[in-house]
Structure formats: C-alpha cells, structure tokens
Amino acid sequence: MRVRVQRGAFVVEAALSMTLIVVILFFIADLSQILLAKTQANRVSYSITTAMKERYRFFDTRHDISQSDFELVSSIAGGLLADNGTYSDYGIAVGGYTDNGVQEYFRSFESGESCIPQESISELEHLRPVRDDGVVFPIYQVTVCLRVEGFSDVFPGMNYVSSSSVLPGR
C-alpha cells in the first residue's frame, strides 16, 4: 500500500504561483502607466518648447521669457495634461538662454516638490546655433514632470516621470 505524504502540496504550489503571477501583472500595469505618463510628458514638453521657440510669431518678437509668458505656457501645459483628466498635479520648468542671459521659471507640484531639469539651461550654451555672420540664436528648454500613482510608489524614483525638450529659437 502506498502512503501519500505530500497532501496539499499542489494547492500550496498553485497558491504561490498565482500570487507571483498577480504581483507580476501589477508590476507590468505600473510600468505601462509610467510609460504612458512619460509619453504624455514628452508630448507636452515638445509642444510647449515649439511654441516658446516661435518668439517672433507669438510673443511680439521678444526673445526673453517673462513671468507672464511662463504663466501662459504653464496654463497651456495644464490644459494639455488635463485633456484626458489624468494629470492635474504637474510640475514645469521653462528656461531660455538669450543674448541677455539665462531666464528660468519653475512651477512645483502641489505637494511642494520641485520640477528641475537634469541639465540646467545654463549648461547648454554649446547648443546655441551660430549663423555665418556671427548671430547667436537663443535656445529654450521646457521640462514637464508628472506624478504617477500606483503600486510602484514603494520604489524610490518610480513615482515621478519627467521629460525635457530643448529647441533653438528663431
């Protein structure tokens, strides 16, 4: 007669396997949400930077960025991010490097955390294009930061995404 010593082993293994599969699915869902937020931040930062570089057309031929310009593009960014109703809390940094120096403006998250680009615009002087006759064009940088809610909040650095765009002016 055969003695069964492994009663319930299948149930225990199945429960552990199912738990592992559920954890992996939650992790994949968080990664897809982070990827979606990164894509949204890329889209908004590039759109705002494109508007900033068209200074002659949209900002009365002024190359320098003012506080009112920053407030305008910050509200536009808020509108673009709120289109799908997902990102109401965001941070934005707008910078310009012109002949008059560097202008930088920041909007922090509602929690007080700041949105700072990885490279300051003052470090990007080498990106300013120079025309053959010596005219140096300005550059503009926009960084958009989004807070991502999810199960990955327990991992440091995975609850925020940011995207920076730098374009030369005209």
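The values are calculated or read from the model by the stated rules, or taken from the named source; none is laboratory data. Computed from a predicted structure; not experimentally measured. No Cβ is skipped: glycine too gets one built from the backbone with ideal geometry, and neighbour counts run over all protein chains shown.
Tabulated data
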quantity: Unique residue being part of a helix (DSSP H, G or I), of a type in the set (Gly, Ala, Ser), closer than 18 Å to TYR160 by Cα and at pLDDT 90 or above when the list is ALA15, ALA37, ALA41, ALA29; calculated: ALA41
quantity: Unmet criterion (only one of (1) more than 16 Å from SER162 (Cα to Cα); (2) of a type outside the set (Lys, Arg); (3) in a helix (DSSP H, G or I); (4) modelled with pLDDT under 90) for ASN84; calculated: (3)
quantity: Condition broken by ASP64, with the remaining ones in (1) of a type outside the set (Gly, Ala, Ser); (2) without any contact (Cβ under 8 Å) to a residue 60 or more places away in the chain; (3) in a helix (DSSP H, G or I) satisfied; calculated: (3)
quantity: Residues of the stretch 54-74 satisfying the condition of being at pLDDT 85 or above, surrounded by 12 or more Cβ atoms within 10 Å (Cβ to Cβ), under 25 Å from GLN40 (Cα atoms) and not β-branched (Val, Ile, Thr); calculated: ASP69, PHE70, GLU71, LEU72, SER74
quantity: Total residues in the stretch 103-112, condition touching a Gly at 6+ places or on another chain (Cβ under 7 Å), more than 16 Å from ALA77 (Cα to Cα) and part of a loop (DSSP other than H, G, I, E, B); calculated: 0
quantity: Cβ-Cβ under 6 Å pairs, at least 6 apart or on other chains, the stretch 30-46 side on the phi < 0 side of the Ramachandran plot, far side of a type outside the set (A, V, I, L, M, F, W, C); calculated: ASP30/GLY150; ASP30/SER152; GLN33/GLY150; ALA41/SER163; ASN42/SER163; SER45/SER163; SER45/SER165; TYR46/SER165
quantity: Pairs, first of a type in the set (S, T, N, Q) in the stretch 107-121, second loosely packed, with under 13 Cβ neighbours inside 10 Å, C-beta under 6 Å, six or more apart; calculated: SER108/SER114
